[in-house]
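In what follows, a structure is listed as structure tokens, so that the remarks can point back to it.
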Amino acid sequence: MALPYETLPGDVDRAISDDHAAIERIFQHLEAKRGDRRTLADQLIYQLSLHTTAAELAVYPDLAGAAADGRGLTDRIRAEHQRIQECLASIDRNNPGSPDFEEALDRLIAEMRKHVPEEERESLPALRDAVGPRRMAELGAAFADAKRRAPTRPHPSATGAPPVTRAFGAPAAMVDKVRDRTSGRQNKLATDASGLLEPQAQQVLDAYSSLNPKPIETLEPQRARKQPTPADAVSRVLADTGRPTDPEPVGSVEDITIPRPSGDIALRVYRPTPPVSARNMPIVIYFHGGGFVIGDLDSYDSTPRGLANREQCIVVSVEYRHAPEHPFPAAHDDALEATRWIYDHAADLGGDPDRIAIAGESAGGNLAASTCLQLRAEGGWLPAFQLLVYPMVTGTIDNESCADSADARPLSRAALSWYAKHTFSTPEAAKDPRFDVLNAPADRLRGLPPTLVITAERDPLRTQGQRYADRLIQAGVEVECRHYEGVPHEFFGMAPVLDAARDAQQHAANALHAVFTESHATGGRAG
């Protein structure tokens, strides 16, 4: 189901629709009887408990007071929520496979599949028409705030008007969180229980969930930056299996800065092991992920180490400014400036300016692709190669992987909307050609360097990465799109514990090596 009109990240109707998409995908896992059905049920209970309470507190008062027949709409929705809460309570107290569990699940699925189209086609459009876009954004913030304070389990007796929900909600939320912690349920709420991950990836996601990260879409950026990361999950797996947690050794790591009046750009320079004393080494410029809001040189330390060793090259990891303190296009400006500086100072770094590639993961993949496009438009020097790992190349969420991975971890569809909300200061910014590279005209794509695009199965960015590879191929660019089944977003940096990540890093290194060898033989890539 999709809203019949365009929304902006952060709008309450977008947030509700994102929740609906994730819940529908959990239903599909449960109906297929795959994965850990107890954990899936607990995640369903958790998400719907937050969702229904937040909607009651933040959305329905405006709907009742502003929309035509708003009171009738809210009365009908409250009755639906009451039935949903009753189903959730039965699912909570019964085990998967039992008649009561399965009967309650069937009723819940039927109720939600009736409720969602009505809400997305009737109630939410009526609300938007009545209150306008500015208020929809305000309600989106209130919806996220209400989720932070909502009970995490069903309470059918408390469903009703906001005064009842508000009075009951705070103490119920405290009790629920204690129950979640003492029962161990909270340690499973952020895993991927779909049964679609391969065993090593499942182990990492289970470890990630055990660190108890909160849904990022309910957090403010400063709090989100303190959340556990996939890198922390890798360390947990290493520790739990008795392996050293030290990072992969490299020849050397050096932190340097690019000085400038508006604030220095931090770089981290990795040189391979065994140490290579020769000059004129190839260079990979690397941009980390984090949705332009979180992430840093430390949390994305694994990939540069792996690439430096596997390709025997210098890797320069670039720290760029983060939104919302520095909204778009600050990160893109930093990426372009850092790339130019590294090219100009390649010899000072011990590198060969004729053998420079550009790489990025997720949001960093957008920075890499955008930087190449901007350099291409200037008509001068271009990197010899692009490595785009599950790149974010557009703000559009109406595609296959945003549906089938709406519930994925560590990146969900709701998280994508949260990142976009904080990255762009105006609605038009998300369509800026520096960000929306997927829709670049063919003549802008033509002449870009050879490209490797890597995608992951359980990743809402999968479809847009594959579509960008197709667009490049249509423009005559030499492209390989390598897809990995059974792994999540962020898998590329999990090489210490994930065979698929080691394979992906080695494949990337092989592609880099082939291009660097050819560039060395021919004297570099012409601009």
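None of the figures in this text is laboratory data; all of them are computed from the coordinates on show. Bear in mind that the values here come from a model prediction, so they are computed numbers and not experimental data. Quick reminder, even Gly has a Cβ in these numbers, built from the backbone with ideal geometry, and neighbours come from all protein chains shown.
Using the Stokes-Einstein relation with a Kirkwood hydrodynamic radius computed over Cα pairs, the translational diffusion coefficient of the chain at 10 °C and a viscosity of 1.306 mPa s comes to 66 µm²/s.
Its relative contact order, with pairs defined as Cα atoms under 8 Å and 6+ residues apart, puts the stretch 12-188 at 33 percent. Relative to the longest principal axis of the Cα atoms of the chain, helix 12-32 runs at roughly 90 degrees.
Taking 0.36 nm per residue of sequence separation and removing the Cα-Cα distance, the Arg179/His345 pair yields an extension gain of 54.1 nm. The stretch between Glu400 and Asn212 holds 64.8 nm of extra length on full extension. This uses 0.36 nm per residue minus the Cα-Cα distance. Taking 0.36 nm per residue of sequence separation and removing the Cα-Cα distance, the Glu325/Glu378 pair yields an extension gain of 16.2 nm.
Straight Cα distances below 16 angstrom link Lys431 to the aspartates and glutamates Glu6, Asp398, with same-chain residues fewer than 8 positions distant left out. The charge dipole of the chain, taken about its Cα centre with unit charges on the Cβ atoms of Lys, Arg (+1), Asp and Glu (-1) only, comes to about 680 debye. Only helical runs count toward this figure. For the chain, summing -39,500 (n - 2.57) over DSSP H runs of n ≥ 4 and dividing by all residues gives -16500 deg cm²/dmol at 222 nm. Rounded to the nearest 0.05, the FRET efficiency derived from the C-beta distance between Asp106 and His483 at R0 = 25 Å is 0.10. Can you tell me the orientation of helix 413-423 relative to the chain, as the angle in degrees between its alpha-carbon axis and the longest Cα principal axis, to the nearest 10? Here the helix axis deviates by roughly 60 degrees. Could you name the lysines whose alpha carbon sits less than 30 Å from that of Lys188, not counting residues in the same chain fewer than 8 places away? Reachable lysines: Lys33, Lys114, Lys147, Lys177, Lys214, Lys226, Lys421. When only Cα pairs below 8 angstrom with a gap of at least 6 residues are kept, the chain shows a relative contact order of 14 percent. Peptides 81-87, 26-32, ordered by how many other C-beta atoms sit within 10 Å of their residues on average, highest first, read 81-87, 26-32.
Spin-label pair Lys33-Gln474: with each label point 7 Å from Cα along the Cα-Cβ axis, the two points sit 4.3 nm from one another. Tell me, what is the FRET efficiency for Glu198 and Ala66 to the nearest 0.05, using R0 = 41 angstrom and their Cβ-Cβ distance as r? So the FRET efficiency works out to roughly 0.25. One Cα centroid belongs to the stretch 221-268, the other to the stretch 306-375; the line between them spans 17 Å. Here each label is just a point 7 Å from Cα along the line to Cβ, and for Arg279 and Ala514 those points are 3.1 nm apart.
Selection among Thr463, Gln28, Leu373 by position relative to the dipole of the chain gives Gln28 as farthest towards the positive end (Cβ unit charges, Cα centre). By the beta-carbon count within 10 Å of each Cβ, the least crowded to most crowded order of Ile216, Ile258, fewest first, is Ile258, Ile216.
When you restrict to C-alpha pairs under 8 Å that are six or more residues apart and normalise by the size of the stretch 1-80, the relative contact order lands at 18 percent.
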